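Read the structure below first, then the notes.
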Amino acid sequence: MEFVPAPAIHRVLCADCGTPIVPNSANLCVACLRNTVDITEGIPKQASVAYCRNCERFLSPPSAWTIARPESPELLSICLKKLKGLNKVRLTDARFIWTEPHSKRLRVAITIQKEVLTNTILEQTFEIEFLVQYGQCPDCTRLAAKNTWKALVQVRQKVSHKRTFLYLEQLILKYNAQKDTISVKEVRDGLDFFYSQRSHALKMVEFLNGVVPVRSKSSEQLLSSDTHSNTANFKFTYSVEIIPICKDDLVCIPPKLARSLSNIHPLTVCTRVGNSLQLMDVVTLRTCDIPPTIYWRQPFDSLASITDLVEFTVLDIEPDFSKSRDVMADAQVALAAAFRSSHKTSKIPEDEVMDFEATGQADTILHTRTHLGGILQPGDTALGYFITNSNYNSDDFSSLPTNLLPDIILVKKTYPNRRKKSKTRSWKLRSIAKEAGEEGETGSGRGVVGRLGGRDQKKVEEDYELFLRDLEEDPEMRAGVNLYKAKSDREGAGDAKMAGPGAGGPAHGGAKKRKGREQQQTMDVDMGEAEEEGEAEPDFPEVKLDELLEDFDEMTLGDDEDAEEHA
């Protein structure tokens, strides 16, 4: 095979330094060409980015504020937008150079290419330093001032407890519906949510329509108007009213409405509250759903709530084992007070204990049909409504035939022996917490519910404990709530920074107020100390470990707090 030599490479000397190079149009080597032509001319080597410490957002030119994590692609895009002259060159690479987090400096190394002479492309890598300047975004500026909200959502429920709002608060946190809320204020019958934009308030109203049965109406107030440009400035208010019926309430449906609902018996128990009411006739296991539109045409109130429940002891039960979720059974029960030695050993106040012995009903054996045949056993304790011994102020209830009314209606099983034991829960909840020293606050309530304090503080704590028990005993209800692992050595929780309207904004100072965004407060439960009497029920509902989430606040993640919001 004949050897063919490669073509000779002709070289010339550089016009400046005399180094042999491949011929080009400039007859200069790369080093001399860089000294002669600067392709970075017109690109600033120092720049600044605006950062709001209250909401932790960067200014993305021209006027948008964006959440960007350190050394993230979003932050790199914001930095490159601040550079002028990049449109005249070709950007091939850009990366961050590590700096101290507290130095308020961002260092970026970028690589660019540019054609300097005919068919001559020069590439150069250089460093740009960005200064992080602290400031306030327009939203936080309005939050610092008083009465600058543009939209208000008033959520109300005319009941005597706060359990609905405790559950609603957990739903809001689970679906991150509070992200656009600038402040929350507790009032007598509900909560007020304040927003800086009307669209954010409409999103909250739509969320409430999807999780609870409500009706809403809107109003607007004119603040200012310009006749020359035909523009006006309004404040919008949305009133949202939740149906005043809660889970486990005793309800008497109006007869006309009951006939339209497949002729169900009017005396029912509310088994579930979602975007509609689910009522059950415990005698026949027939159920019906009442959407808000039908309810508000002919509204009705509940006859009794769970505070009117009476303890019964199951003497005998004969279940009808079927494949349905609820099992019908014939039960014989008696008042639980008949199995107690006296009321003197009880911690319940004497004025709150009914004297059944004086009425001759303490030793009475009652027969009833119940839907709890699948979980009740002889000797168990159940809560129910004592229909025969109650007086309800309802015309619909009075019109029912007395011979068709049951003596009692069992609602749910209870675990009195286990509740007496001082055992703390292995899980906890979070809350939209209050700002310390908020205007109008007199109590130390847990989170957003219970800020008013005063006489209602004890009642709020009781409602909170009942709400936690409902979560333990109802897996379906627990599925809609985020439960977090609790530390045994943790006694309290820090406050989250959600300022009240006109108070606690960034301009009011304080190191705790500088973050100025909605965080969450951990709510731990103190079960109290009680005497251990009797053996604990073996079927006591326990929250499994796989249902609990990690508490990211207790993990050492540095500044990675935004992961909670996007999780």
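The values are calculated or read from the model by the stated rules, or taken from the named source; none is laboratory data. Computed from a predicted structure; not experimentally measured. Every residue, glycine as well, gets a Cβ built from its backbone with ideal geometry; the counts of neighbours run over all protein chains shown. Note: areas computed on protein heavy atoms with side chains; ligands, DNA, RNA excluded. Shrake-Rupley method; radii C 1.70, N 1.55, O 1.52, S 1.80 Å.
Sorting check: for 43-51, 242-250, 300-308, which peptide has the highest mean count of neighbouring beta carbons within 10 Å, and how do the rest follow?
Result, highest mean first: 242-250, 300-308, 43-51.
Accessible area of residue 215, 1.4 Å probe, to the nearest 10 Å²?
Looks like 110 Å² after rounding.
Return the distance in nm (one decimal) between the two label points of a simple spin-label model at residue 330 and residue 426, each offset 7 Å from Cα along Cα→Cβ.
Distance between label points: 4.2 nm.
Between residue 22 and residue 365, 0.36 nm times their residue separation minus their Cα-Cα distance comes to what?
112.5 nm
Just to confirm my numbers, what's the Cα centroid distance between segment 90-164 and segment 172-197 in Å?
Here the two parts' Cα centres lie 26 Å apart.
Using only the Cα atoms of segment 127-237, build the gyration tensor, take square roots of its eigenvalues as a ≥ b ≥ c, and label the shape rounded, prolate or oblate: rounded if a/c is under 1.5, else prolate if a/b is larger than b/c, else oblate.
Oblate is the answer for segment 127-237, as a/c is 1.5 or above yet b/c matches or exceeds a/b.
Between residue 392 and residue 129, what is the label-point separation in nm under the 7 Å Cα-to-beta-carbon projection?
For residue 129 paired with residue 392, the spin-label model returns 7.7 nm.
Order the following by accessible area, largest value first: 134, 167. Probe radius 1.4 Å; ligands, DNA and RNA are ignored.
134, 167
Rounded, prolate or oblate for segment 56-118? Axes are the square roots of the Cα gyration tensor eigenvalues, ordered a ≥ b ≥ c, and the cut-off for rounded is a/c under 1.5.
Judged from the Cα gyration tensor, segment 56-118 comes out oblate (a/c at least 1.5, b/c at or above a/b).
First check a/c for segment 231-311, with a ≥ b ≥ c the square roots of the eigenvalues of its C-alpha gyration tensor; if it is under 1.5, answer rounded, and if not, answer prolate when a/b is larger than b/c or oblate otherwise.
Since a/c reaches 1.5 and a/b is larger than b/c, the shape of segment 231-311 is classed as prolate.
Calculate the spin-label point distance for residue 377 paired with residue 119, positioning each point 7 Å from the Cα along the beta-carbon direction, and give it in nanometres.
Here the answer is 9.4 nm between the modelled labels.
Give the calculated FRET efficiency between residue 199 and residue 35 to the nearest 0.05, with a Förster radius of 60 Å applied to their Cβ-Cβ distance.
The formula returns an efficiency of 0.60 here.
Share of segment 17-60's accessible area from carbon and sulfur, percent, 1.4 Å?
52
Please work out how much length the chain gains when fully extended from residue 289 to residue 457, using 0.36 nm per residue of separation minus the C-alpha to C-alpha distance, in nm with one decimal.
Gain in length upon complete extension: 57.0 nm.
Anything over 28 Å Cα to Cα? Flag those among 185/412; 150/458; 247/459; 162/428; 174/459; 179/217, in the order listed.
Listed pairs above 28 Å: 185/412; 150/458.
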